[in-house]
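Colleague: The structure under discussion is supplied below as structure tokens; questions concerning it will follow.
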Amino acid sequence: MMWEGHKSRVLVAAHRGERHTTPENTLTAFQKAIGLGVDMIETDVRMTRDGELVIMHDADVARTTDGAGLVADMTLAEFKALNAADGYPEFAPEAPPTLRETLALCAGAPGLLMDFELKDYPTPGNEDFAYESCDKAIALIEEFGMGEKCVINSFSGKLLEYVDEKYGHRYRLHGYYPFEIMGGLSKDPGELLYCLCMISQREKGGRILPRSQNVCPVEWFEAVKARGIIPWVGASIRSSEELLECARRGARLVTTDAPGDALKMLREMGLHE
């Protein structure tokens, strides 16, 4: 299992790097998170119009850069001309990174794990683009020797099933709970997923509505563990009380926007080395 060799009861993943104080999904954010001693970097992979893999959470670059437009409509040159530190006057301008640049940085950090969220979904008419993006990402992950040090993550159950089938169950797959959040899932999640993020939300009428509490019900944790899937928790978990309760319910990792704070709290509670 991925956890072998780790003494910590709850691991810490930096959500898009250390985005609490630095521009998200930048090499600066990843480097800061590594310097804090995180166990994992979580990041988002998309493909440009000319087939290059880049790091960007949103489909449109407008929220996190000085530009606008869809990543899938841009060339790599257009993407690299953006400033991902826009809105952070204390930081020098910085182009958003490629997946290759990110792997070159992270693969050199001893013991660091990775969570690659594949953001190009095989929706009707976009299947070829999504599968090409996925295959290229996996090829790069293998080139940098990270295949055994990562999870492959997507909100598209259809894409996760593609990875599982094409690559012979080789990769640890990361999904979400409730399972309905993942689109296109046809397999038994217990046969497909290695781990998942417990989302403190519920679906109703096609919309996802916030729950009244951040920590998911204990019954949800038990249902996930009964299927042999490892429960993780996400960025909505912020306080030491919430972290402790998640650990009691079986969470093995927290993905957080403020990894320094999470590490401090977990260490004070004896949950992280």
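The values are calculated or read from the model by the stated rules, or taken from the named source; none is laboratory data. Bear in mind the structure is a predicted one, so any value in this text is a computation, not a measurement. Backbone-built Cβ (ideal geometry, glycine too); neighbour counts: all protein chains shown. Remember, those area values only see protein heavy atoms, side chains included, never the ligands or the DNA or RNA. Shrake-Rupley method; radii C 1.70, N 1.55, O 1.52, S 1.80 Å.
Colleague: Are there any pairs, at least 6 apart or on different chains, whose C-beta atoms fall under 9 Å, with the first in the stretch 1-23 and on the phi > 0 side of the Ramachandran plot and open to solvent by less than 20 Å² (accessible area, probe 1.4 Å) and the second of a type in the set (Asp, Glu) and modelled with pLDDT of 95 or more, and if so, which?
Modeller: Hits for this filter: 17/24; 17/42.
Colleague: Another question, if that's okay. For the stretch 184-201, enumerate the residues that are more than 18 Å from residue 116 (Cα to Cα) and more than 17 Å from the chain's Cα centre (by Cα).
Modeller: 184, 185, 186, 187, 188, 189, 190, 191, 201, listed by residue number.
Colleague: A further question follows. So which residues in the stretch 71-99 are surrounded by fewer than 15 Cβ atoms within 10 Å (Cβ to Cβ) and under 23 Å from residue 132 (Cα atoms), if there are any at all?
Modeller: Applying the first criterion (surrounded by fewer than 15 Cβ atoms within 10 Å (Cβ to Cβ)) to the stretch 71-99 yields 73, 75, 77, 81, 87, 89-90, 92-93.
Answer for the stretch 71-99, where residues must be surrounded by fewer than 15 Cβ atoms within 10 Å (Cβ to Cβ) and under 23 Å from residue 132 (Cα atoms): 73, 75, 77.
Colleague: Return only the number of the condition from (1) free of Cβ contacts under 8 Å to residues at least 40 places away in the same chain; (2) over 19 Å from residue 256 (Cα atoms) that residue 133 does not satisfy.
Modeller: In the conditions (1) free of Cβ contacts under 8 Å to residues at least 40 places away in the same chain; (2) over 19 Å from residue 256 (Cα atoms), residue 133 misses (1) alone.
Colleague: Does the stretch 25-38 contain any residue that is hydroxyl-bearing (Ser, Thr, Tyr), open to solvent by less than 50 Å² (accessible area, probe 1.4 Å), part of a loop (DSSP other than H, G, I, E, B) and free of Cβ contacts under 8 Å to residues at least 40 places away in the same chain?
Modeller: No, the stretch 25-38 has no match at all.
Colleague: Condition check: closer than 17 Å to residue 19 by Cβ, open to solvent by less than 20 Å² (accessible area, probe 1.4 Å) and under 18 Å from the mean Cα position of the chain (by Cα). Does residue 47 satisfy that? If you could, list the steps in order and put the result at the bottom.
Modeller: Details: closer than 17 Å to residue 19 by Cβ: no; open to solvent by less than 20 Å² (accessible area, probe 1.4 Å): yes; under 18 Å from the mean Cα position of the chain (by Cα): yes.
No.
Colleague: Name the single residue, out of those in the stretch 55-66 being of a type outside the set (Ser, Thr, Tyr) and open to solvent by less than 20 Å² (accessible area, probe 1.4 Å), that is nearest to residue 82 (Cα to Cα).
Modeller: Kept after step one, since they are of a type outside the set (Ser, Thr, Tyr), are these residues of the stretch 55-66: 55-63, 66.
Still in the running and open to solvent by less than 20 Å² (accessible area, probe 1.4 Å): 55-56, 61.
Working: 55: 12, 56: 11, 61: 9 Å.
It comes out as 61.
Colleague: Starting from the stretch 87-107, take each residue that is without any contact (Cβ under 8 Å) to a residue 60 or more places away in the chain and charged (D, E, K, R) and list its partners that are crowded, with 17+ Cβ neighbours inside 10 Å and in a helix (DSSP H, G or I), counting only C-beta distances under 8 angstrom and pairs at least six apart or across chains.
Modeller: Sorted first by the residue in the stretch 87-107, then by its partner, the pairs are 100/140.
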